[in-house]
Amino acid sequence: MEERISMVHGSGGAATSELIGSIFAKEFASTTLDKMEDSAVVEGAGKIAMTTDSFVVTPVSYPGGDIGRLCICGTVNDLLMRGAKPKYITCGFILQEGLEVSKLQEVVHSMAECAREAGVEIVAGDTKVVNGNGELYINTAGVGFVPEDREVSAERVCVGDAVIVSGNLGDHHAAILGTRMGIVNEIESDNAPLGEIVESLFAANIDVHTMRDITRGGLATVLKELAKTSNTTIELEEEKLPVTPQVKDFCGLLGLDPLYMGNEGKLVALVPVEEAEAAVAAIRGAKYGQDACIVGFVNDKAPGKLHLRTRIGGLRNLEILQGEGLPRIC
């Protein structure tokens, strides 16, 4: 019979120790975590970037990834968007009674593999077991260090910037929704750590004004918020937006707009227009950046507005996502 999580696993006793030792400590082994202290003492100096996030995606496994990979990507990418070099992650697991231990093992292994890919160390964690029907949630916190010569902020967006996306829009959103609806297609989540892309920009001496990962709310929500913060106008070109044929078909079937669909492995960067082509080349040369392209520019025609230049030459005003962007993608 398949072993499942029970309330005894959250008791703090022998069953808890066995669960931690056989799954978490085995997968996340490091000189820091192996000490099993109440808190981790780690090296660090200079400017520190910190973030926290919670992951409640359903289903926990989907084409191209699972909640374990997702929680590392989401945490690491938040740090990277400020120019930080991610270093440490903590994780808290909320396990419902009835969860298959093999599913937990699968998620934790995926999480460990992604952490190694992203170059971060999981240094602390916690596990709680609650009543329920076998669901799994993860909370993370991340710490990274920002080199002194980097200043990446929404306040640096200015007229004349080019808007660059690192790849195709809507993949993660479509993968989650398709799985939940039982739609069979070839769409996979793009969940990925973006460290190589970010470092490639700085290695090419690109003056990166700001970056954001394109998650909940999609590209339109992210850029509308940037336009308001910087009091500038951002204008996108509809014909330049990268969307795969599969996602286009999916959107046509369900009446979705890729501009409001989330990713978990894409970023948008705003850089001086004279450096835009070099920035695109740098991103395309990095892992996960092969489909990068320029999709728009910043001007001062209507401060605080986000506009889309349509294929027929019209100008569409874009606002932030209204209501809940179903399904929950993280």
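Values for this structure:
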| quantity | calculated |
| --- | --- |
| Among the candidates Asp291, Asp257, Asp300, residue that is free of Cβ contacts under 8 Å to residues at least 60 places away in the same chain, in the same structural domain as Met181 (by TED's automatic domain parsing) and more than 16 Å from Val208 (Cβ to Cβ) | Asp257 |
| Flag for Gly262 being at pLDDT below 95, in the same structural domain as Gly170 (by TED's automatic domain parsing) and not in a strand (DSSP E or B) | yes |
| Criterion: among the charged types (D, E, K, R) and touching a Cys at 6+ places or on another chain (Cβ under 7 Å) - qualifying residue of Lys248, Lys240 | Lys240 |
| Residue, farthest from Val159 (Cα to Cα), within segment 184-224, restricted to residues that are surrounded by fewer than 19 Cβ atoms within 10 Å (Cβ to Cβ) and among the polar types (S, T, N, Q) | Asn185 |
| Verdict on Met211 being without any contact (Cβ under 8 Å) to a residue 40 or more places away in the chain and either at positive phi or in the same structural domain as Val247 (by TED's automatic domain parsing) (or both) | no |
| Where a residue in segment 51-80 is farther than 16 Å from Ala141 by Cβ and of a type in the set (Lys, Arg) and its partner, wherever it lies, is assigned to a helix (DSSP H, G or I) and modelled with pLDDT of 95 or more, with Cβ under 6 Å and at least six apart | Arg69/Ser110; Arg69/Cys114 |
| Pairs, first charged (D, E, K, R) in segment 317-330, second modelled with pLDDT of 90 or more, C-beta under 7 Å, six or more apart | Glu319/Lys224; Arg328/Val56; Arg328/Val57; Arg328/Thr58 |
| Per-region count, segment 271-325, residues assigned to a loop (DSSP other than H, G, I, E, B) and touching a strand residue (DSSP E or B) at 6+ places or on another chain (Cβ under 8 Å) | 9 |
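To keep it simple, each residue is scored yes or no on (1) among the β-branched types (Val, Ile, Thr); (2) buried (at least 22 other Cβ atoms within 10 Å of the Cβ).
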{"site": "Cys251", "(1), (2)": "no, no"}
{"site": "Leu256", "(1), (2)": "no, no"}
{"site": "Leu270", "(1), (2)": "no, yes"}
{"site": "Ala281", "(1), (2)": "no, no"}
{"site": "Asp291", "(1), (2)": "no, no"}
{"site": "Val298", "(1), (2)": "yes, yes"}
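The values are calculated or read from the model by the stated rules, or taken from the named source; none is laboratory data. Because the structure is predicted, anything quoted here is derived from the model rather than measured. Glycine gets a Cβ as well: all are built from the backbone with ideal geometry, and neighbour counts include every protein chain shown.
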